[in-house]
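K.L.:
Handing you a structure now.
The values are calculated or read from the model by the stated rules, or taken from the named source; none is laboratory data. Predicted model only: the values in this text are computed from it and were never measured. Positions of Cβ are backbone-derived with ideal geometry, glycine not excepted, and every protein chain shown enters the neighbour counts. Heavy atoms of the whole protein, side chains included, go into the accessibility calculation; ligands, DNA and RNA do not. Shrake-Rupley method; radii C 1.70, N 1.55, O 1.52, S 1.80 Å.
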Amino acid sequence: MRLEPIPNPSALRRVGLPAGALALTVLIASLLALLAGANPFATLGLILKGAAGSRFALLETLNRATPLIFTGLAVAVAFRAKLWNIGAEAQLYAGAVVTVLLGTGALPLPSVFLVPVIAAAAMLAGALVLLGPVLLKTRAGVDEVVTTLLFNFIMLLAVSWLLEGPLKDPMGMGWPKSPALEKAARLPRIVEGLRLHWGFGLAILSAIAVRVIQTRTTLGYEMRAVGLNAEAARFAGIPVGRVMVKTALLSGGLAALAGFSEVAGLKGNLTLDLSPGFGYTGIIVAMLALLNPLGVVVSALFVAGVFVGADSMSRAAGVPTYIADILLATALLTMVLALRLTTARIRWR
Amino acid sequence: MDILDILLSASFWAATVRIASPLIFATLGELICERAGVLNLGIEGIMVIGAFAGWMAVYLGTGLWAGVAVAMLAGMLFGLLHATLTVPFGLSQHVVGLGITLLATATASFAYRLSLPEVTSPPKIEPFQPLEIPGLSQIPLLGPALFSQTALTYLAFVLIVVVSVVLYRTPLGLALRAAGENPASVEAQGLSVTAIRMGAVIVGSGLMGVGGAFLTMSAFSSFFFEMVNGRGWICIALVVFGAWRPGKAALGALLFAAFDALQVRLQQTPMGALIPYQVFLMVPYVLSILALVLMSRRAEVPAALMVPFNKGER
C-alpha cells in the first residue's frame, strides 16, 4: 500500500475521520470496562458524571486542567518549531522549587508584587532547565528527545534531595515535604469559597498570549518557519539556532508555570508527588489540540475530565482508574492517524 | 582505598554483567529498529509491558521460558502497532513512540490492577537461577561475573553475536541496513522497504519486551510500577553511544552497568555516606547524557532514520 495526497479533502473527511477516531477510543474504553466486569454504558456515564456532573466535579476538572494547560502550551510551542521538549516534567519541578524558595519568607514584599516576582522567577528557572538540552542540540548536535527525558529523572532526584535536606519542613513530622508558602505568596481564589484559584486564569491568559506571539509577532513567524523546514528557514536568513533557544525559553517557562500554579494555587507546599506526570500528559494535550494554543485549553479540559471522571468512576464501578491513561493514549494514536488520513488516501498497490 | 576494593570484588563484576543484561536486550532491539530507519520511543513502555507480561505468565503457572516468550510476544504486539502507524502511514515517530510508551505502560498498570485488585505488595515468582558453568565459574573475578549468571544473561550475550552476524553477514542484514540508509535502493532490488522496516520494529520490540522481562524474571522476582525507571531512554542513548553498532552498544551497556554497580557500592562506603544518595542515583542519567555529548560529534546516524518512505515519492 502507499499513501496518495488529497489536495482538497472533503468536509466529510475532515470531520468524519476525527469523529471516527473518537468513536474507536470510546469503543476500546467500553471493551476494557467489559473486561473489568462492569457495564460499559454505566462506566462511561460515571466517567462523564465524575468529570462534569456536579459543581464539585466541574471545579475538580478545572483544577486538574490548569497544570495541563501550561504543560500543553509548553509542548505545543516547542513541537511547532520541531523542538522535541519531552522534559516539561523537569521544568515544572524547577518552577515549583523556585516558588518554594522565594515564597517561604525570603522576600518581604506585599502580595501584589510577590506573586508576579515568584511567577517570573519560576519561568526563568524552567527556561534555564530547557536551555541546557537546547544548547546541546544547537551547538553539539545532541538529540534533545533523550536529553530532556533524562533530565526529568535527574530533576526528580534533585527535588527528592531538596525535600530531605535544605527544603525539608522542620515541622513536617519527618515527611519529605517543604514548608508551606506564606500567605502573601499564594495565588488567591477566583471566587471566594470556590476551590478554583487564579492559576486557572493565568493559564487561559497564557494560552491567549501564546496565540498572539504565534500569529502577531516576528518570533511566531520564525518559529513556524523553523518548524516547517529548518533548512529553508536558514536559507531565508532566519537565525535557526537563536529561534530554537527563544522557543525553548518560552516552552520551559510555560511548563514551569504549571509547577508555580500547583504550589502557589493548589497545594501550598512542595512534595515529590506534586505532578502525576503532568509534563508527559502535556504531550497528549498538545497533540490532541493540533498544537493550537487555544485548542490546548479545550483539550486540557477534556484530558482533565477523563482523569477526574475515571477516578470517581473507579471508586464507584471498580474499573481500574488506569483506564483513563489507556483511553488517552488511544485517543492520541487514533487522532494522529485520522488526521493523516484526512489529507491522504490509501492506495492498495 | 575503597574504589580499589570494590573493583577487585567478584560481586561487583557479577553485578555489572547482571545490570547490563536487560540493557543489552533492549539496546539491541532499539538498534535493529533504528538501523532500519525507525526511531522507537515506545521502548520504555514496551519494557514495562514485557516485565509485566512475562512475570504474570509465570505467576499464572507457565514455565519461565514460556514467560519469556509471552514477554516477547507482548513486545512484538506493541511493536506491530508502532510499525503500522509509523511505516506505512508515515506518522511522526516521536509522537507515535511516546504514545506507545503511554499505552503500553497504562495497559500493564490496568492489567495488573485488574488481575490483582486487592494486593498491597505484588506476589513473587521463582525467578531464573544462576547457572554455573562447571570449571569456568571457578576462575577468580571472571568466573562469577561471566559464568555464574542466569540463562537469560547468557542469551543476551549470544544475541550480541547473532545480531552482529545477521546485520553484517547476511543479505537480510544488508537489506535492513539499506532500508535505514537509502530505502530507494532497497526498492530497486525488488524488496519492500515497508516489510523490512515493519519486521525490524516488530523483532526489535520483541527484544525490548525480553529486556523488561529480565527485570521481573531474573534480576528481581516481582513487578513494580516504576521498575523500568528510564532504562528504555538510557538504551536509546546507548545506541547512539555505540554508533549504531551492536558490539559497541553492548560494550556501552557494560560500561554503563559498571558505573551503576560502582555507585551502589560507593554509597555504602564511609565517604559515600557523606554524599546524598540521590546524587548516586543520578549517575546513570548523567552518564547517558555525557555519552550522547561525547559521541554526537562523530555520529554515524543511519541516513534515513526518521524519514518515512512512501513508494513512488522522491
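K.L.:
So which residues in segment B:82-98 are assigned to a helix (DSSP H, G or I), in contact (Cβ under 8 Å) with a residue 24 or more places away in the chain and within 8 Å of chain A (Cβ to nearest Cβ)?
P.N.:
B:His94, B:Val96, B:Leu98
K.L.:
Any residue that is within 14 Å of chain B (Cβ to nearest Cβ) and assigned to a loop (DSSP other than H, G, I, E, B) - is there at least one of those in segment A:52-62?
P.N.:
No, segment A:52-62 contains no residue that is within 14 Å of chain B (Cβ to nearest Cβ) and assigned to a loop (DSSP other than H, G, I, E, B).
K.L.:
So which of B:Leu262, B:Leu266, B:Leu274, B:Leu254 ends up being open to solvent by 20 Å² or more (accessible area, probe 1.4 Å), within 14 Å of chain A (Cβ to nearest Cβ) and aliphatic (A, V, I, L, M)?
P.N.:
B:Leu274
K.L.:
Sticking with this one: Condition test on A:Ala106, is it surrounded by fewer than 15 Cβ atoms within 10 Å (Cβ to Cβ), among the aliphatic types (A, V, I, L, M), over 21 Å from B:Glu226 (Cα atoms) and facing chain B (nearest Cβ under 10 Å)?
P.N.:
Here the answer is no, as A:Ala106 does not meet what is asked.
K.L.:
Could you list, in sequence order, all residues of segment A:298-323 that are within 19 Å of A:Leu68 (Cα to Cα), more than 8 Å from every other protein chain (Cβ to nearest Cβ), buried (at least 23 other Cβ atoms within 10 Å of the Cβ) and hydrophobic (A, V, I, L, M, F, W, C)?
P.N.:
A:Ala300, A:Val303, A:Ala304, A:Val306, A:Phe307, A:Val308, A:Ala310
K.L.:
Exactly one of these conditions fails for B:Met282: (1) modelled with pLDDT under 90; (2) among the hydrophobic types (A, V, I, L, M, F, W, C); (3) open to solvent by 20 Å² or more (accessible area, probe 1.4 Å). Give me its number.
P.N.:
For B:Met282, the failing item is (1).
K.L.:
Now a separate question. Being in contact with a strand residue (DSSP E or B) (Cβ under 9 Å, 6 or more places away or on another chain) and open to solvent by 50 Å² or more (accessible area, probe 1.4 Å) is the filter here; which residues of segment A:183-204 pass it?
P.N.:
A:Arg186, A:Pro188, A:Arg189, A:Ile190, A:Arg195, A:Trp198, listed by residue number.
K.L.:
Something else about it: Given the structure, is A:Thr138 more than 9 Å from chain B (Cβ to nearest Cβ), part of a helix (DSSP H, G or I) and of a type in the set (S, T, N, Q)?
P.N.:
Yes; evaluated as a whole, the condition is true for this residue.
K.L.:
Would you pick out the residues in segment A:288-322 that are closer than 12 Å to A:Leu73 by Cα and in a loop (DSSP other than H, G, I, E, B)?
P.N.:
Across segment A:288-322, the qualifying residues are A:Ala289, A:Leu290, A:Leu291, A:Asn292.
K.L.:
Can you confirm whether A:Leu130 is farther than 21 Å from B:Ile234 by Cα, more than 8 Å from chain B (Cβ to nearest Cβ) and crowded, with 16+ Cβ neighbours inside 10 Å?
P.N.:
No; evaluated as a whole, the condition is false for this residue.
K.L.:
Output the residues belonging to segment A:29-41 that are open to solvent by 60 Å² or more (accessible area, probe 1.4 Å) and aliphatic (A, V, I, L, M).
P.N.:
Listed by number, the residues that qualify are A:Leu31, A:Leu34, A:Leu35.
K.L.:
Go through A:Leu332, A:Leu291 for me and flag whichever is touching a helix residue (DSSP H, G or I) at 6+ places or on another chain (Cβ under 7 Å), open to solvent by less than 40 Å² (accessible area, probe 1.4 Å) and on the phi > 0 side of the Ramachandran plot.
P.N.:
Criteria check complete, one pass: A:Leu291.
K.L.:
Something else: Name the single residue that is most open to solvent (accessible area, probe 1.4 Å) among those in segment B:184-198 being away from chain A (no Cβ under 14 Å) and in contact (Cβ under 8 Å) with a residue 12 or more places away in the chain.
P.N.:
B:Gln189
K.L.:
Still on this model: Does any residue of segment B:129-137 turn out to be under 20 Å from B:Ser222 (Cβ atoms) and charged (D, E, K, R)?
P.N.:
Checking segment B:129-137: not a single residue is under 20 Å from B:Ser222 (Cβ atoms) and charged (D, E, K, R).
K.L.:
When you look at B:His94, is it in contact with a Phe, Trp or Tyr (Cβ under 8 Å, 6 or more places away or on another chain), of a type outside the set (A, V, I, L, M) and either modelled with pLDDT under 95 or open to solvent by less than 10 Å² (accessible area, probe 1.4 Å) (or both), yes or no?
P.N.:
Considered against the rule, which asks whether it is in contact with a Phe, Trp or Tyr (Cβ under 8 Å, 6 or more places away or on another chain), of a type outside the set (A, V, I, L, M) and either modelled with pLDDT under 95 or open to solvent by less than 10 Å² (accessible area, probe 1.4 Å) (or both), B:His94 comes out as yes.
K.L.:
Going by the structure shown, is B:Thr216 hydroxyl-bearing (Ser, Thr, Tyr), more than 14 Å from chain A (Cβ to nearest Cβ), closer than 26 Å to B:Asp2 by Cβ and open to solvent by less than 50 Å² (accessible area, probe 1.4 Å)?
P.N.:
When the stated conditions are applied, B:Thr216 does not pass them.
Residue by residue, here is whether (1) aliphatic (A, V, I, L, M); (2) in contact with a Leu (Cβ under 8 Å, 6 or more places away or on another chain); (3) touching a residue at least 40 places away in the same chain (Cβ under 8 Å); (4) closer than 18 Å to A:Tyr280 by Cα holds:
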{"residue": "A:Glu60", "(1), (2), (3), (4)": "no, no, yes, no"}
{"residue": "A:Tyr93", "(1), (2), (3), (4)": "no, yes, yes, yes"}
{"residue": "A:Val112", "(1), (2), (3), (4)": "yes, no, no, no"}
{"residue": "A:Ala121", "(1), (2), (3), (4)": "yes, yes, no, no"}
{"residue": "A:Ala127", "(1), (2), (3), (4)": "yes, yes, yes, yes"}
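K.L.:
List the number of the failed condition for A:Ala180; all other conditions in (1) within 14 Å of chain B (Cβ to nearest Cβ); (2) modelled with pLDDT under 95; (3) open to solvent by 10 Å² or more (accessible area, probe 1.4 Å) hold.
P.N.:
It fails just one condition, (1).
K.L.:
Specify the residue that is farthest from the other protein chains (Cβ to nearest Cβ); the eligible residues are those in segment A:6-22 that are open to solvent by 60 Å² or more (accessible area, probe 1.4 Å) and within 14 Å of A:Leu337 (Cα to Cα).
P.N.:
Step by step, filter segment A:6-22, then rank; the result is A:Val15.
K.L.:
State whether the residues of segment B:165-183 include one that is farther than 24 Å from B:Gly50 by Cβ, in a loop (DSSP other than H, G, I, E, B) and open to solvent by less than 60 Å² (accessible area, probe 1.4 Å).
P.N.:
Looking for residues that are farther than 24 Å from B:Gly50 by Cβ, in a loop (DSSP other than H, G, I, E, B) and open to solvent by less than 60 Å² (accessible area, probe 1.4 Å), one finds at least one in segment B:165-183, hence yes.
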